[in-house]
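The values are calculated or read from the model by the stated rules, or taken from the named source; none is laboratory data. Predicted, not measured: the structure shown is a model, and the values here were computed from it. Here Cβ is always computed from backbone atoms with ideal geometry, including for glycine, and neighbour counts include all displayed protein chains. With ligands, DNA and RNA removed, areas are computed over all heavy atoms of the protein, side chains included. Shrake-Rupley method; radii C 1.70, N 1.55, O 1.52, S 1.80 Å.
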Amino acid sequence: MSNQRDYYEVLGVDRSAGDADVKKAYRKLAMKNHPDRNPDDPSAEARFKEASEAYSVLSDAAKRQTYDRYGHAGLQGAAGGGGPGFNSSEEIFSHFGDLFGDLFGGGGRGGGRQSRRGADLTVRIMVGFLDAVHGCEEEIEVSRAEACDPCSGSGVEPGHEPEQCTTCGGAGEVIQSQMFLRIRTVCPACQGRGQVVRHPCTGCSGRGTQAVSNTLTVKVPAGIEGGQVLRLSGKGNSGAEGAPAGDLYVEVQTEAHEFFERRGADVFCEVPVSYAQACLGAEITVPTVHGDSLLSIPNGTPSGKVFQINNEGAPRLNGRGRGSLFIQMLVAVPTSLTLVEKELLRKLAEIQDEKVVERGFLREFWDRLTG
Ligand SMILES: [Zn+2]
Ligand SMILES: [Zn+2]
């Protein structure tokens, strides 16, 4: 204790420096000399402790006053005994845990045990309307992080081993004292791992993963709808240090179809019928997502009438059968007629005592109406 450096000199601040400047100076030194960031420099930890000790005194108004008046000697006899020196980084963290919280806990190596699992990935694929109904297989290209080859995902340079964390002594957690409470928290130096990598793998900079591009085959189940998401378990990024991989989420979008529309497992379409068919009834061929089908329409079918054919919709994803096909009949009006057709229609109108206006009068009427 005899050749101890002056606390102001250690932190590099004036004797008149305010609390904010003291804190700022300490944070700067702590960041620079943190043992975790200086694996190859054992003197960094000594400097880290020295700065922490200086800060513990200068950040405490009463202690600082005593120190200003009596120097190091004044603190020797202080209550608690043994002076403010720190024996280990653990003690430092237990004193200034909240000061370090955002320095080392949150960022850096991704804080927290859970986050060591590889990240989930999301890709989007587009499938045809009928492919979504019937199911298909799609090849996709995914760039993902895979376990690094040279270090087998450990992040440690081959020939070296991770070392026990000096902050928590390998326990992975530290005790923080606040007033009378002692709170157990995840060790901020090793994020609960209990180990610190002093020789990170040069191939992956210690991340344990490398970027690769994979071609994967995705099985799209029959009946999937646009916007639904498939989960490929374990096909996301590899976890660091052998932790489990994340998942790959495949969001499926479906193309629109010329005739069909879907709502859930039900399929909708419109089918034109002629005036005669609608009046007299007919057996017509209608398209379904499973091929053509025959539909009997009764005589007197009004335009707009909807027929439901059970079990001709898309398969339900839960495997319980299929939805329905809803077919709307639209009476089609031909735009060009043969002379014979015209003659027959005039006759029909005559029988039904209808006044037929030809030669553009109706056209003119509609044009005026629709502007
Ligand atoms: Zn630790
Ligand atoms: Zn590596």
Checklist line | Note, ³J(HN,Hα) from phi for the stretch 13-30, Karplus 6.51, -1.76, 1.60, rounded to Hz, x at Gly and Pro | finding: 10, 5, 5, 9, 4, x, 4, 5, 5, 4, 5, 4, 5, 5, 4, 4, 5, 5
Next item on the list: Provide the per-residue ³J(HN,Hα) series for the stretch 343-353, in order, calculated from phi with Karplus coefficients 6.51, -1.76, 1.60 and θ = phi - 60°, each as a whole number of Hz, with x at glycine and proline positions.
Entry: 4, 5, 5, 5, 5, 4, 5, 4, 4, 7, 6
Notebook entry, point to check: Around Glu270, which amide H atoms from residues at least 5 apart in sequence, or from another chain, sit under 5 Å from its own amide H, with H modelled in the peptide plane?
Noted result: Gln328
Checklist line | Inter-label distance, nm, simple model (7 Å from Cα along the C-beta direction), Ser152/Leu294 | finding: 6.9 nm
Item checked: Cβ-Cβ FRET estimate between Thr185 and Glu9, R0 fixed at 22 Å, reported to 0.05 -> 0.10
Notebook entry, point to check: If you average the sequence gap of Cα pairs under 8 Å that are 6 or more apart and divide by the length of the stretch 137-237, what percent do you get for the contact order?
Noted result: 41 percent
Check: Of the beta bridges DSSP finds with both residues in the stretch 261-370, what % are antiparallel, to the nearest 5?
Finding: 70 percent
Note to self: Can you give the FRET efficiency to the nearest 0.05 for Tyr275 and Ser143, using r as the Cβ-Cβ distance and R₀ = 56 Å?
What the structure shows: 0.40
Margin query: Skipping prolines and chain starts, which residues have an amide H placed within reach, meaning under 5 Å, of the one on Ala282, given they are 5 or more residues away or on another chain?
Written below: Ile297
Check: How much accessible surface does Met126 have with a 1.4 Å probe, in Å² rounded to 10?
Finding: 110 Å²
Check: Residues with amide H under 5 Å of Gln164's amide H, sequence separation 5 or more or different chain, H placed in the peptide plane at 1.01 Å from N; which?
Finding: Val196
Check: Per residue, what accessible area does the stretch 261-370 have, given a 1.4 Å probe and all protein chains present, in Å²?
Finding: 72 Å²
Checklist line | Highest average packing first - 320-328, 60-68, Cβ atoms within 10 Å | finding: 320-328, 60-68
Check: Given a cut-off of under 8 Å on Cα pairs at least six residues apart, what relative contact order in percent is computed for the stretch 261-370?
Finding: 26 percent
Check: So what are the ³J(HN,Hα) numbers for the stretch 41-58, from phi and the Karplus equation (6.51, -1.76, 1.60; θ = phi - 60°), rounded to whole Hz, Gly and Pro as x?
Finding: 10, x, 6, 4, 5, 5, 5, 4, 5, 4, 5, 5, 5, 4, 5, 4, 7, 6
Check: What's the carbon and sulfur percent of the stretch 7-86's accessible surface, probe 1.4 angstrom, rounded to a whole number?
Finding: 49 percent
Notebook entry, point to check: Can you put Leu130, Leu181 in order of accessible area, largest first, using a 1.4 Å probe?
Noted result: Leu181, Leu130
Notebook entry, point to check: Volume per residue, Å³, of the convex hull around the alpha-carbon atoms of the stretch 189-279?
Noted result: 152 Å³
Note to self: How much length would be gained if the chain were fully extended between Thr166 and Ala17, taking 0.36 nm per residue of separation minus their Cα-Cα distance, in nm to one decimal?
What the structure shows: 50.4 nm
Next item on the list: Quick one: go through the stretch 229-273 and flag any residue whose amide nitrogen is under 13 Å from the point 7 Å out along the Cα-to-Cβ line of Leu317.
Entry: 229-232, 250-254, 264-265
